[in-house]
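Novice: Below you will find the structure I want to go over with you.
The values are calculated or read from the model by the stated rules, or taken from the named source; none is laboratory data. What you are looking at is a predicted structure, and each value in this text was computed from that prediction instead of being measured. Cβ: placed from backbone, ideal geometry, glycine included. Neighbour counts: every protein chain shown.
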């Protein structure tokens, strides 16, 4: 029986990916910080197990307390993320974004990389963002924190390959998807969440190391790779 864990699965895209995952995983555990959303999710999917977890409140402690649940995990999907339009760099907003995207996600990623490394198997996928490839003054903390996460994933993957590990690490970089995270005026190429989730999961099943969605956003990805964006 294949087993998966979804961190922050109460997010819009997290819930859509849980629907996709049920074709492959009989045992799915979902975490979230909102108890009411977890209860609603369990009503929708009675077969899943839920655990309260706030990535900003020492997530490693919660993971260690439930370590018996992770021994037979095959797949971990990290959906946690925070983003705000903050052109005036209000400290509380920036600190929250960095706390979630850098400190919280980094702690969870490290925990499961080390766990799977010991077993020499498993698949970990993290939702970052194409925003990490291009600076945006209206959302400096968001783009910078996602850039950190993508760079961190790439560096850890490099080390895993150096050690000839069989652990797979996937960086999922969506463009604009119709979720509460998509903020701002005159947004373009905003993809329906169902479409983005289907494209993401199709590539996760193939264990791709980098996933760009939707397909049209690959154009921007290529441009960002070509342009000299070293500031």
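Novice: What number of residues in the stretch 113-125 are more than 16 Å from residue 2 (Cβ to Cβ) and in a helix (DSSP H, G or I)?
Specialist: Final tally of qualifying residues: 5.
Novice: Also, quick follow-up: For residue 103, work out the one condition from (1) surrounded by fewer than 21 Cβ atoms within 10 Å (Cβ to Cβ); (2) at pLDDT 95 or above; (3) not in a helix (DSSP H, G or I) it doesn't fulfil.
Specialist: Just one mismatch for residue 103, condition (3).
Novice: Please verify whether residue 17 is under 19 Å from residue 105 (Cα atoms) and touching a strand residue (DSSP E or B) at 6+ places or on another chain (Cβ under 7 Å), treating the condition exactly as stated.
Specialist: yes
Novice: Here are some conditions: (1) at pLDDT 85 or above; (2) part of a loop (DSSP other than H, G, I, E, B). Residue 155 meets all but one. Which one does it not meet?
Specialist: For residue 155, the failing item is (2).
Novice: Take the residues in the stretch 177-195 that are touching a strand residue (DSSP E or B) at 6+ places or on another chain (Cβ under 7 Å) and either crowded, with 20+ Cβ neighbours inside 10 Å or not in a loop (DSSP other than H, G, I, E, B) (or both); name whichever of them is modelled with the highest pLDDT.
Specialist: Within the stretch 177-195, the match that is modelled with the highest pLDDT is 193.
Novice: Moving on to the next point. Can you tell me how many residues in the stretch 56-80 are surrounded by fewer than 20 Cβ atoms within 10 Å (Cβ to Cβ) and either part of a loop (DSSP other than H, G, I, E, B) or touching a helix residue (DSSP H, G or I) at 6+ places or on another chain (Cβ under 7 Å) (or both)?
Specialist: Result for the stretch 56-80: 9.
Novice: A follow-up question, please. In the stretch 22-55, which residue that is part of a helix (DSSP H, G or I) and surrounded by fewer than 16 Cβ atoms within 10 Å (Cβ to Cβ) is farthest from the chain's Cα centre (by Cα)?
Specialist: 43
Novice: With respect to residue 90, determine if the residue is out of contact with any strand residue (DSSP E or B) (no Cβ under 8 Å at 6 or more places or on another chain) and either closer than 19 Å to residue 111 by Cα or crowded, with 22+ Cβ neighbours inside 10 Å (or both).
Specialist: no
Novice: Take the residues of the stretch 71-95 that are under 29 Å from residue 22 (Cβ atoms) and over 18 Å from the mean Cα position of the chain (by Cα): which is modelled with the lowest pLDDT?
Specialist: For the stretch 71-95, the residue satisfying everything is 71.
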